[in-house]
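Here is the structure we will look at, set down as structure tokens.
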Amino acid sequence: MKLFAVAALVLLLAGASVSAKPFNVGAHVTAESQPDESHSSSAYSPDAIMASVLDMLRSMLVADEPAAKTVAELADNAPANVSMLVNGVKRADLQAVIGDPNWEATIFCPSNKAFRAALFKLKIKITDLYSDKTALLNILSYHTVPGKALAAADLKDGQELTTASQHKLTVHVDKVKGTTIAGDSDAGSVVAADIRAGKAIIHVIDEVLLPPKPTAEL
């Protein structure tokens, strides 16, 4: 589908403008789990890249592009760049929730690059997260705002959103830097917006937002 191809392109190009943060290397962390540092941010202007990509995204989201009927359907056809979150949702046994076409929510979906950076920072492997259902649900619920399907135009500077984990996320909107979603200790920039699935809207972000403490399920 055209939407997913464009979303994948957004994530690919956005990765060129995001430099990896320095972390202390744990003894058991493998090279495969480390963030991809193959792109140099100095070779590109982040503002120019994102402006071009977003213009392309807007131009290709034509009226005849059908939206997925449910988040589950979208997950089944999602680009490889967000496979870590998609696999996490499937392992968390949330099919009844995401398979409901009437489920209304705003979902901030971290890219794979964001997940790799978070795992590296926490010194764990993705299999460790997948096997810990409580931790997995805490992260997923922290990225989900239930009861509201907020498009990019609905996100306002200073706006506070209550997540499924009953924590607050704060929206920051800058005319140059774009939209950023800030959690308790992390903030992620929106790199692809307004991906619709049923009554839900998904925005791809470049950071995993870590919840302050274990809380409720979706």
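The values are calculated or read from the model by the stated rules, or taken from the named source; none is laboratory data. Since the model is a prediction, treat every value here as computed from it, not as a measurement. With ideal geometry, Cβ positions are generated from the backbone for all residues, glycine too; neighbour counts draw on all protein chains shown. Protein only, heavy atoms only, side chains kept; ligands, DNA and RNA dropped before computing areas. Shrake-Rupley method; radii C 1.70, N 1.55, O 1.52, S 1.80 Å.
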Quiz prompt | Total residues in region 87-103, condition open to solvent by 20 Å² or more (accessible area, probe 1.4 Å) and either within 21 Å of LYS148 (Cα to Cα) or assigned to a loop (DSSP other than H, G, I, E, B) (or both) | solution = 10
Quiz item: What about ILE205, is it in contact with a Leu (Cβ under 6 Å, 6 or more places away or on another chain) and either at pLDDT 90 or above or open to solvent by 60 Å² or more (accessible area, probe 1.4 Å) (or both)?
Solution: no
Self-check item: Members of region 164-184 found to be at pLDDT 95 or above and among the hydroxyl-bearing types (Ser, Thr, Tyr), listed by number
Solution: THR170, THR179, THR180
Self-check item: All positions within region 173-200 that are open to solvent by 20 Å² or more (accessible area, probe 1.4 Å), in a strand (DSSP E or B), out of contact with any His (no Cβ under 9 Å at 6 or more places or on another chain) and over 13 Å from LEU155 (Cβ atoms)
Solution: ARG196
Practice problem: Scan region 162-180 for residues that are over 12 Å from VAL145 (Cα atoms) and under 14 Å from the mean Cα position of the chain (by Cα) and report the count. | Solution: 2
Practice problem: Output yes when any residue across region 112-134 is outside any helix (DSSP H, G or I), buried (at least 22 other Cβ atoms within 10 Å of the Cβ) and in contact (Cβ under 8 Å) with a residue 60 or more places away in the chain, and no when none is. | Solution: no
Quiz item: What are the residues in region 136-152 that are assigned to a loop (DSSP other than H, G, I, E, B) and of a type in the set (A, V, I, L, M, F, W, C), if any?
Solution: ALA149, LEU150, ALA151
Exercise. Within region 135-158, count every residue that is open to solvent by less than 50 Å² (accessible area, probe 1.4 Å) and touching a residue at least 60 places away in the same chain (Cβ under 8 Å).
Key: 9
